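Q: First the structure, then my questions, so here it is.
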Amino acid sequence: MPWTVAGEHGALFGRQSGKFESWQWPVKLISNFSIRAELADYPVPIDVNALAAEIEVTPAETIITYSHAAFTIRQHMFAARGFDLPPTAAVVFFEIQSARALELSFSFTPDMLPMWPAPGHGRPNGEWVKYGDSGFYVLHTDDPKFSGLVAMPRTQPGIEVPYQEHPQTYPLELKLRFDPKTDDGLLFPLITSVLQGTSGAEQVSRAVAGLPELYHKTVAYYQHFFDDKLTIETPDARLDDALRWAEVAIDQAQVMHHNEIGLVAGYYESADSARPGYAWFFGRDTLWTTYAINSYGDFALTRRALDFLFKRQRGDGKIMHEYSQSADVLDWKQTPYFYASADSTPLLVMAMWDYVKNSGDVAYLKANWSAIQKAYQFTLAHTADNGIYSNSEGTGWVESWPTGMPHQEIYLAALDQQSANAMENLALIMKDDGDASAAQSRASATAAKVESEFYNSDQRFYAFSRNPDGSLDNTATVYPAVAWWNGGFALKNPGPMLTRWASAEFSADWGTRDISNRTSFYDPISYHQGSIWPLFTGWVSLAEYRAGRSLSGYAHMMQNANLTWTQDLGSVTELLSGEFFQPLGRSSSHQLWSSAMVLSPLLRGLFGLDPNALRNTLHLSPNVPAEWDHAILHHVRVGATNFDLCFQRQGTRMHVTAKNIKGNAICLSEPRTPCRADYSKSGQFSYELPPIELSIATSLPPPGSETAQLKVLDQQRKDDSATFVLEAQGGSSYSLFLRPNRPDVSVEGGQIVGGRLQVTFPAGAGYRRQTLTFHWKKS
């Protein structure tokens with residue numbers, strides 16, 4: 001499995017065998033780092049990487065332990081955090097214990113490759129430079145101004161081919177002799193760095209001397225990481241950890257670019273290429289992620305991310321799609337990538353409203369108001385005659401489509417509507433009544449157009465796109481799910497579509513496919529026509545929560561959360577097969593918006609957080625699982641106010657209380673419930689729990705599995721009944737957690753036995769449906 005160690009200045013990417021590549025942004029310095037050992041009086045070379053026995057991943061460092069009967073080696077790896085410009089970006093150091101004298105050969109390939117798409121400078125060669133009783137390699141390229149260095153104190157060089165010898169290539173080696181009698185307790189650091197205008201000896205000396213401070217500052221950065229960020233304490237400790245890891249994974253996607261910091265889309269080892277996953281800056285990836293960042297309260301990170309995009313806004317208002325870390329060494333404006341997609345532009349307006357609403361930072365809005373107006377005007381300028389954005393100036397979601405590129409996607413139309421709604425709110429803050437009124441009219445008109453132009457009443461599904469002649473591409477996709485994203489828009493006829501999303505037609509046991517598996521061009525390992533992205537799973541989960549389908553919303557949210565431990569520990573992968581539980585081979589194993597889609601459905605869906613810092617209010621529409629008796633959210637941020645939010649089940653009611661409030665008084669209430677004028681710092685309210693609560697256990701299947709788990713397709717409640725539509729493999733039986741909140745509950749379609757719900761599905765091959773209807777007397 002892959003692992004990632006990343007920071008603002010560089011990264012290490014590798015496999016659990018311990019082999020890795022080293023980057024100092026934006027340059028790959030070395031790759032294929034591996035270890036061989038020769039033990040005294042033990043006449044066989046030992047492949048140390050084959051002895052990798054354990055990997056321990058913490059936010060501050062990753063440690064791989066190699067275990068042999070005669071020695072143990074621990075490979076510690078960390079990326080510098082908390083430094084403006086550290087002496088070295090990413091560090092590996094070795095801790096060695098041995099029963100005998102040992103010689104270790106550290107082998108690696110010199111690369112000195114600028115990140116894609118910058119031109120390279122030829123294959124580097126390694127010159128060994130003696131320094132004290134050891135030395136270091138200078139990695140020379142064809143550009144005398146572009147060199148790197150690799151050093152490990154107390155090592156000697158490996159094979160050095162004389163000039164007179166036939167030309168041939170060997171990996172570079174650092175050879176270390178370790179004597180347990182004299183060297184026990186020592187640490188052996190590997191230094192990799194681009195030469196920065198000083199002598200190699202001076203740079204190595206400075207880097208080695210600075211390592212203790214570098215390490216301790218990085219550890220301290222993570223020790224205090226959650227001091228002011230939202231964390232949760234629930235009966236599900238694994239979910240608590242998944243939230244923390246998602247915040248760390250997002251934070252580790254920050255990359256320093258000259259004097260700026262932006263968010264890159266994802267990480268993965270580059271192998272022989274110069275593309276480490278998606279480690280360059282993306283507009284829409286950043287903007288989808290800011291919602292999660294705002295929810296856990298790191299408003300400074302949101303500002304840094306937005307500043308990076310504002311600086312690259314095109315003259316006509318369009319927001320960038322992607323920007324390589326090496327973009328400034330070529331004419332990036334002439335590439336097809338810079339402004340390829342159109343969705344970043346309406347997303348920017350939406351994201352600004354979400355930021356201001358969560359943070360209360362009106363000053364930031366005022367400083368960037370003209371950029372917001374330009375972005376909004378760009379969308380207005382590229383609408384078709386029907387008033388909906390057309391793909392004439394940048395793609396929507398898909399970059400390729402088997403039946404031809406779409407003309408008007410419902411994905412963009414839904415963003416267009418929410419952008420107009422956001423613009424109305426922002427203009428009201430800016431006291432620009434004209435813009436606010438016009439945006440309100442446009443939001444209403446676009447919402448109506450989405451219904452009239454995209455809804456297919458025969459199929460009871462919203463079409464993927466609309467063609468220039470008015471006909472529809474009725475491919476069933478997940479893209480309409482974005483209509484629920486901002487919380488102020490929802491499709492009017494979603495029921496059958498939501499049911500299909502929850503079913504095995506779309507929903508695998510590890511996430512949601514982007515298109516139906518009944519589509520003629522469905523391909524489970526394609527990029528856009530059948531694979532599973534945690535991003536899509538997050539969209540659908542939040543839509544389900546907001547549309548009253550909390551059980552399926554929970555299942556999808558937990559699928560993303562559980563992916564935290566599936567591949568790159570602590571991170572969530574980019575995409576997986578639509579047919580078998582396995583990430584795609586090219587999937588970025590540490591993907592920015594995949595981690596964001598653990599957080600947004602959890603905080604905005606399960607807990608239903610809807611803050612408004614401009615009014616010091618927090619509206620809640622919680623969907624706390626039936627098994628939970630309590631939950632605590634620490635460091636909830638509503639603007640400058642910071643507090644703990646406590647949920648406590650008491651009988652048939654859930655009590656919600658804000659405690660440890662720092663800052664302004666806060667008002668808690670259910671949606672559409674006005675706050676009292678006399679609320680105090682002890683904001684609280686309670687709500688009646690439904691007469692019955694049902695719970696479905698969730699877990700990821702073994703790798704390689706096909707979809708086979710229970711699905712909840714629908715849930716509806718009336719005054720005296722509740723109906724759930726489930727599907728599972730024919731003939732299967734389940735015992736489900738059930739919490740009746742009144743004594744007179746009965747059920748059709750199952751049995752209540754010992755406080756649990758027993759349900760058996762009709763016999764037959766494949767999935768079969770079963771409807772459960774609970775009854776009780778009206779109050």
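The values are calculated or read from the model by the stated rules, or taken from the named source; none is laboratory data. Note that the coordinates shown come from a computational prediction; the quantities given were computed from them, not determined experimentally. Don't worry about glycine lacking a Cβ; one is built from the backbone with ideal geometry, like all the others, and counts go over all protein chains shown. Please note that ligands, DNA and RNA were not included when accessible areas were found on the heavy atoms of the full protein model with its side chains. Shrake-Rupley method; radii C 1.70, N 1.55, O 1.52, S 1.80 Å.
Q: Could you tell me the convex hull volume per residue, in Å³, taken over the Cα atoms of segment 217-322? Before the final figure, lay out the partial values.
A: Details: hull volume 14.6 nm³, N = 106.
Per-residue hull volume (Cα only) is 138 Å³.
Q: I'd like the trypsin sites (Lys or Arg not before Pro) in segment 57-126 restricted to DSSP loop residues with at most 14 other Cβ atoms within 10 Å, sorted by number. If you can, show how the numbers build up before the last one.
A: Details: sites: Arg74, Arg81, Arg100; in loops: Arg81, Arg100.
Passing sites in segment 57-126 are Arg100.
Q: Loop-only chymotrypsin sites (Phe, Trp or Tyr not before Pro) in segment 116-221, please: DSSP not H, G, I, E or B, and at most 14 other Cβ atoms within 10 Å. Provide the component values of the computation, followed by the final result.
A: On the way: sites: Trp128, Tyr131, Phe136, Tyr137, Phe146, Tyr163, Phe178, Tyr215, Tyr221; in loops: Phe146, Tyr163.
Those that pass, being in a loop and sparsely packed, are Tyr163.
Q: Determine the sum of side-chain charges near Asp385: Lys and Arg each +1, Asp and Glu each -1, restricted to other residues whose C-beta is under 14 angstrom from that of Asp385.
A: Charge balance near Asp385 sits at 0.
Q: Using θ = phi - 60° and the Karplus curve 6.51 cos²θ - 1.76 cosθ + 1.60, what whole-Hz ³J(HN,Hα) does each residue of segment 759-775 get, with Gly and Pro shown as x?
A: Listing the rounded values in order: 9, 10, 9, x, 5, x, 6, x, 6, 10, 9, 9, 9, 10, 10, 9, 10 Hz.
Q: OK, next. Per-residue ellipticity at 222 nm for the chain, helices alone: DSSP H runs ≥ 4 residues times -39500 (n - 2.57), over residue total, nearest 500 deg cm²/dmol? It would help to have the intermediate numbers written out before the result.
A: Working: 14 runs with 190 residues, N = 779.
Helix contribution divided over all residues of the chain: -8000 deg cm²/dmol.
Q: Hey, what's the per residue convex hull volume over the C-alpha atoms of segment 3-78, in cubic angstrom? Don't jump to the answer; show the numbers that get you there.
A: Details: hull volume 6.5 nm³, N = 76.
That works out to 85 Å³ per residue.
Q: What shape does segment 681-722 take by its C-alpha gyration tensor, where a ≥ b ≥ c are the square roots of the eigenvalues and a/c under 1.5 counts as rounded, a/b above b/c as prolate, and the rest as oblate? Mind dumping the intermediate values first?
A: Details: a/c = 4.66, a/b = 1.75, b/c = 2.67.
Oblate.
Q: Roll a 1.4 Å probe over the protein chains and send me the accessible area per residue for the chain in Å².
A: Values: 29470 Å² over 779 residues.
With the other protein chains kept in place, the chain gives 38 Å² per residue.
Q: Still on this structure, I have one more. Have a look at Ser669, Thr573, Ala246 and report the one farthest towards the positive end of the charge dipole of the chain, computed about the Cα centre with Cβ charges (Lys/Arg +1, Asp/Glu -1).
A: Ser669
Q: Rounded to the nearest percent, how much of the accessible area of segment 169-248 (1.4 Å probe, protein heavy atoms only) is carbon and sulfur? Before the final figure, lay out each step's value.
A: Details: 1980 of 3850 Å².
Exposed carbon and sulfur together represent 52 percent of the surface.
Q: Still on this structure, please answer the following. Using 20 Å as the cut-off for backbone N distance, which residues of segment 167-206 belong to the label zone defined by a point 7 Å from the Cα of Lys130 along Cα→Cβ?
A: Zone members listed by number: 173-177, 199-205.
Q: How long are the semi-axes of the ellipsoid equivalent to segment 636-779, from square roots of 5 times the Cα gyration tensor eigenvalues, in whole Å, largest first? Kindly include the intermediate steps, with their values, before the conclusion.
A: On the way: eigenvalues 296, 87, 30 Å².
Computed over segment 636-779, the values are 38, 21, 12 Å.
Q: Still on this structure, I have one more. Using the Cα atoms as the points, what is the convex hull volume per residue of segment 522-570 in Å³?
A: On the way: hull volume 4.3 nm³, N = 49.
About 87 Å³ per residue, rounded to a whole number.
Q: I'd like to verify something in the chain: which complete DSSP H helices, judged by Cα projection on the helix axis, reach 15 Å or more and average at least 0.0 on the Kyte-Doolittle scale? Let's see the in-between values first.
A: Details: long enough: 200-223 (33 Å, -0.25); 237-251 (22 Å, -0.03); 283-296 (20 Å, -0.59); 299-311 (18 Å, 0.48); 344-359 (21 Å, 0.29); 369-381 (18 Å, 0.15); 410-429 (29 Å, 0.60); 433-454 (31 Å, -0.48); 534-546 (18 Å, 0.21); 550-562 (17 Å, -0.45).
Membrane-span-like by this criterion, though nothing is claimed about a membrane: 299-311, 344-359, 369-381, 410-429, 534-546.
Q: For segment 429-472 and segment 623-680, compute the distance between their C-alpha centroids and round to whole Å.
A: 35 Å
Q: What size of dipole, in debye to the nearest 20, comes out for segment 298-342 about its Cα centre when the only charges are +1 on Lys and Arg C-beta atoms and -1 on Asp and Glu C-beta atoms?
A: Working: 7 positive and 6 negative charges, 27 e Å.
For this selection, approximately 120 debye.
Q: What net charge is computed for the residues neighbouring Val624, neighbours being all others with C-beta under 15 Å from the C-beta of Val624, Lys and Arg scored +1, Asp and Glu -1?
A: Numbers: positive: Arg604, Arg649, Arg653, Arg739; negative: Glu233, Asp236, Asp240, Glu627, Asp629, Glu670, Glu688, Glu693.
Once all neighbours under 15 Å are counted, the net charge is -4.
Q: With Rg and the Kirkwood Rh both taken from Cα atoms, where does Rg over Rh land for segment 162-272?
A: Values: Rg = 21.1 Å, Rh = 19.4 Å.
Here Rg/Rh amounts to 1.09.
Q: At what distance in angstrom do the alpha carbon centres of segment 396-428 and segment 742-762 lie from each other?
A: Each part's Cα centre sits 44 Å from the other's.
Q: Moving to a separate point now. Could you work out the relative contact order of segment 642-779? I mean the mean sequence separation of Cα pairs under 8 Å and 6+ apart, divided by the number of residues, in percent. Walk me through the intermediate numbers first.
A: Details: 273 pairs, mean separation 27.4, N = 138.
Once divided by the residue count of segment 642-779, the mean separation gives 20 percent.
Q: Considering amide H positions built from the backbone, and no H for Pro or chain starts, which residues 5 or more places from Phe20, or on another chain, come under 5 Å of its amide H?
A: Asn32, Phe33
Q: Now, a different point. Suppose a student asked you for the relative contact order of the chain, using Cα pairs under 8 Å spaced at least 6 residues apart; what percent would you report? Kindly include the intermediate steps, with their values, before the conclusion.
A: Numbers: 1782 pairs, mean separation 71.6, N = 779.
Value for the chain: 9 percent.
Q: Moving on. What percentage of the solvent-accessible surface of segment 732-776, computed with a 1.4 Å probe over protein heavy atoms, is contributed by carbon and sulfur atoms? Write down the numbers at each step before the final one.
A: On the way: 1230 of 2380 Å².
Carbon plus sulfur share of accessible area: 52 percent.
Q: I would also like to ask the following. Under a Cβ-only charge scheme (Lys and Arg +1, Asp and Glu -1), can you give me the dipole magnitude of the chain about the Cα centre, in debye to the nearest 20? It would help to have the intermediate numbers written out before the result.
A: Details: 63 positive and 82 negative charges, 376 e Å.
In total the dipole reaches around 1800 debye.
Q: I want to verify the translational diffusion coefficient of segment 24-138 in µm²/s; compute it with Stokes-Einstein, Rh as the Kirkwood radius over Cα pairs, at 20 °C and 1.002 mPa s.
A: The calculation lands on 129 µm²/s.
Q: Roughly speaking, to the nearest percent, how much of segment 443-579's 1.4 Å accessible area is carbon and sulfur? Each step should come with its number before you reach the end.
A: Details: 1720 of 3700 Å².
After summing per-atom areas, the C and S share lands at 46 percent.
Q: State the percent of C-alpha pairs, over all pairs in segment 541-672, separated by a distance greater than 18 angstrom. Write out the running numbers ahead of the final one.
A: Details: 5259 of 8646 pairs.
I get 61 percent for the Cα pairs in segment 541-672 exceeding 18 Å.
Q: If you don't mind, there's one more thing I want to ask. Just how large is the dipole of segment 402-550 about the Cα centre, in debye to the nearest 20, putting +1 at every Lys and Arg Cβ and -1 at every Asp and Glu Cβ? All intermediate terms of the calculation are to be shown ahead of the outcome.
A: Values: 11 positive and 16 negative charges, 71 e Å.
So the magnitude is around 340 debye.
Q: Loop by DSSP (not H, G, I, E, B), at most 13 other beta-carbon atoms within 10 Å: where is the longest site-free stretch of the chain for GluC sites (Glu not before Pro)?
A: Details: sites that count: Glu160, Glu165, Glu399, Glu627, Glu706.
Counting at most 13 other Cβ atoms within 10 Å as exposed, the longest clean stretch of the chain is 166-398.
Q: Additional query: With respect to the cross-link table entries Lys19/Lys181; Lys311/Lys374; Lys145/Lys333; Lys711/Lys778; Lys357/Lys659, which display a Cα-Cα separation exceeding 18 Å? Show your work: numbers first, answer last.
A: On the way: Lys19/Lys181 29 Å; Lys311/Lys374 13 Å; Lys145/Lys333 26 Å; Lys711/Lys778 29 Å; Lys357/Lys659 22 Å.
Table pairs above 18 Å Cα-Cα are Lys19/Lys181; Lys145/Lys333; Lys711/Lys778; Lys357/Lys659.
Q: With N set to the number of residues, divide the alpha-carbon radius of gyration of the chain by 2.2 N^0.38 Å and report two decimals. Before the final figure, lay out the partial values.
A: Working: Rg = 28.1 Å, N = 779, 2.2 N^0.38 = 27.6 Å.
For the chain, the normalised Cα radius of gyration is 1.02.
Q: Further question on the same structure: Taking 51 Å as R0, compute the FRET efficiency from the Cβ-Cβ separation of Ser199 and Glu233 and round it to 0.05. Spell out each step's value before the answer.
A: Details: r = 53 Å, r/R0 = 1.03.
FRET efficiency, Ser199 to Glu233: 0.45.
Q: In segment 582-633, which chymotrypsin sites (Phe, Trp or Tyr not before Pro) are in a loop and have at most 11 other Cβ atoms within 10 Å, using DSSP for the loop call? All intermediate terms of the calculation are to be shown ahead of the outcome.
A: On the way: sites: Trp593, Phe607, Trp628; in loops: Phe607, Trp628.
Filter output for segment 582-633: empty list.
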